[in-house]
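**Student:** Here you go, one structure.
The values are calculated or read from the model by the stated rules, or taken from the named source; none is laboratory data. The shown structure was predicted, so the numbers you read here are calculated from the model rather than taken from an experiment. Cβ: placed from backbone, ideal geometry, glycine included. Neighbour counts: every protein chain shown. To get the accessible areas, we keep the full protein, side chains included, count just its heavy atoms, and leave off ligands, DNA and RNA. Shrake-Rupley method; radii C 1.70, N 1.55, O 1.52, S 1.80 Å.
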Amino acid sequence: MALNTSSRPQTGKQLPGLPTALNSVSTIFTSLGSKGYLLAVGAIVLLIGSALSQHFFTSRNLVSVLITASVVSVLAVGQYLVIVTGGIDLSVGAVAAVSSVLAGLALQQGASWPMALVLALLAAGLIGVFNGLVIVYGGITPFIVTLAMMSIARGVAYILQTGRQVAIEDEAFLAAFTANIGPLPAPVMIALIVTIVFAIVMSHTRFGRRLYALGGNAEAARLSGLPVKRDIVGAYVLSSLLAGLGGVMIAAQLTEGSAIIGDGYELNAIAAVVVGGASLFGGTGDPISAVLGGLIIAVILNIMDLLGIQAQPQLIVKGAVILLAVLFTSGVGNKLPGALRKLIFQRSAGRGSLTQEVQPDADRK
């Protein structure tokens with residue numbers, strides 16, 4: 001008896017729209033790179049926040065999240081400049097503390113707020129110069145150098161504040177770093193400007209391209225005649241300068257300079273860079289992705305605050321988010337859309353072959 005092929009399900013025809021959709025999603029993710037996953041994760045987090053708390057999408061709460069994330073974003077951009085070279089800077093939180101205390105002391109002595117800012121940034125820049133020179137010419141790994149500097153700078157901040165926090169009452173200083181600039185608060189505007197400037201630096205300047213080359217293969221960069229040592233020192237100087245700026249921003253928000261300012265911010269900055277898709281081995285990522293990573297972490301912590309979750313569980317969730325984000329922004333994450341397509345096709349083909357085996361027996365009956 002001839003087989004009734006007209007009624008037989010065709011191999012690979014199940015769910016015809018799904019493989020096409022997966023192809024489209026894969027293409028979008030590939031074109032956006034790590035930003036595609038970050039935007040997708042960010043959208044999901046926003047939806048979860050709106051579902052769990054009616055206060056999440058209020059303007060007051062969103063502005064609070066942006067202000068909180070602004071300082072971490074500034075530090076994350078500086079941290080990225082170091083990480084892209086294959087290094088790391090654990091001293092940024094302590095540098096922020098020193099800068100906040102110095103700015104407060106300068107204001108108490110009658111200095112104008114621009115002068116106080118310059119003094120704080122000068123001290124931060126000198127710390128960055130020291131870090132870079134010791135790493136380059138001392139041959140000590142960045143982890144050890146910046147870990148030691150974290151302790152030194154924090155100790156200096158405690159000595160400078162002489163046992164008490166340095167109150168800041170200069171209205172011009174507070175207005176410069178807390179008032180609105182146009183529609184946005186000053187901290188958010190500062191973070192936005194820093195992000196844009198260094199995104200341009202990394203993508204459109206020789207210095208940025210050299211940092212990528214240095215992180216990709218330091219020896220090859222050296223043999224190519226690139227100023228490797230100078231660029232490494234420059235990266236650490238910029239990291240410290242941005243940490244100093246972050247410290248001044250925190251001091252303005254708290255109206256005081258203190259040695260405890262910036263405690264743990266080095267880990268938040270590193271987490272933002274890693275969640276943003278940069279490799280700790282260097283040579284990958286970009287400042288915008290680092291800032292997006294920091295924003296995602298800030299939003300998740302804000303949601304938990306709105307739900308009244310205590311600090312200890314928040315640490316667990318934060319660590320889990322970092323691991324998941326690294327997975328989806330890594331090479332493994334980039335293979336997921338293709339793996340899903342393969343799974344769909346295999347299951348579809350399996351159903352088709354099973355139909356071919358069963359259909360003749362049904363026809364004989």
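**Student:** Out of 266, 256, I need the residue that is of a type in the set (D, E, K, R) and under 12 Å from the mean Cα position of the chain (by Cα). Which one?
**Tutor:** 266
**Student:** In the range 81-109, which residues are surrounded by 24 or more Cβ atoms within 10 Å (Cβ to Cβ) and closer than 12 Å to residue 240 by Cα?
**Tutor:** Listed by number, the residues that qualify are 81, 82, 89, 91, 92, 93, 94, 95, 96, 97, 98, 99.
**Student:** Before we move on, is residue 63 touching a residue at least 40 places away in the same chain (Cβ under 8 Å) and either in contact with a Cys (Cβ under 7 Å, 6 or more places away or on another chain) or buried (at least 24 other Cβ atoms within 10 Å of the Cβ) (or both)?
**Tutor:** no
**Student:** I've got another one for you. Residue 223 is checked against (1) closer than 15 Å to residue 88 by Cα; (2) surrounded by fewer than 14 Cβ atoms within 10 Å (Cβ to Cβ); (3) aliphatic (A, V, I, L, M) and fails just one. What number does that condition carry?
**Tutor:** (1) is the only condition that residue 223 fails.
**Student:** Would you mind listing the helices (runs of 4 or more DSSP H) fully within the range 151-223 where at least 2 residues are within 25 Å of the chain's Cα centre (by Cα) and in contact (Cβ under 8 Å) with a residue 40 or more places away in the chain?
**Tutor:** Values: elements: 171-178, 186-204, 206-216, 218-223.
The qualifying helices (runs of 4 or more DSSP H) are 171-178, 186-204, 206-216.
**Student:** I would also like to ask the following. Can you confirm whether the range 167-178 contains a residue that is open to solvent by 30 Å² or more (accessible area, probe 1.4 Å), of a type in the set (Val, Ile, Thr) and over 20 Å from residue 82 (Cβ atoms)?
**Tutor:** Scanning the range 167-178, I find at least one residue that is open to solvent by 30 Å² or more (accessible area, probe 1.4 Å), of a type in the set (Val, Ile, Thr) and over 20 Å from residue 82 (Cβ atoms), so the answer is yes.
**Student:** Now for a separate question. From (1) surrounded by 24 or more Cβ atoms within 10 Å (Cβ to Cβ); (2) under 30 Å from residue 172 (Cα atoms), pick out the condition that doesn't hold for residue 264.
**Tutor:** (1)
**Student:** With the checklist (1) at pLDDT below 95; (2) of a type outside the set (Asp, Glu); (3) over 20 Å from residue 193 (Cα atoms) in hand, flag the one item residue 95 doesn't pass.
**Tutor:** Unmet condition: (1).
**Student:** Something else: Can you name every residue in the range 37-60 that is in contact (Cβ under 8 Å) with a residue 24 or more places away in the chain and assigned to a helix (DSSP H, G or I)?
**Tutor:** If the condition is that a residue be in contact (Cβ under 8 Å) with a residue 24 or more places away in the chain and assigned to a helix (DSSP H, G or I), then 37, 38, 39, 41, 42, 45, 46, 48, 49, 52 are the ones that fit.
Conditions (1) assigned to a loop (DSSP other than H, G, I, E, B); (2) polar (S, T, N, Q); (3) closer than 29 Å to residue 82 by Cα, marked per residue:
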residue	(1), (2), (3)
105	no, no, no
110	yes, no, no
114	no, no, yes
123	no, no, yes
129	no, no, yes
134	no, no, yes
140	yes, no, yes
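**Student:** What are the pairs, 6+ residues apart or on separate chains, where a residue within the range 276-294 that is under 15 Å from residue 327 (Cα atoms) and in contact (Cβ under 8 Å) with a residue 12 or more places away in the chain has its Cβ under 6 Å from a residue that is in a loop (DSSP other than H, G, I, E, B) and open to solvent by 30 Å² or more (accessible area, probe 1.4 Å)?
**Tutor:** Listed by first residue and then by second, the contacts come to 278/284.
**Student:** Now for a different question. Give 160, 241 a once-over and let me know the one that is closer than 17 Å to residue 92 by Cα and open to solvent by 50 Å² or more (accessible area, probe 1.4 Å).
**Tutor:** One residue alone meets the criteria, 241.
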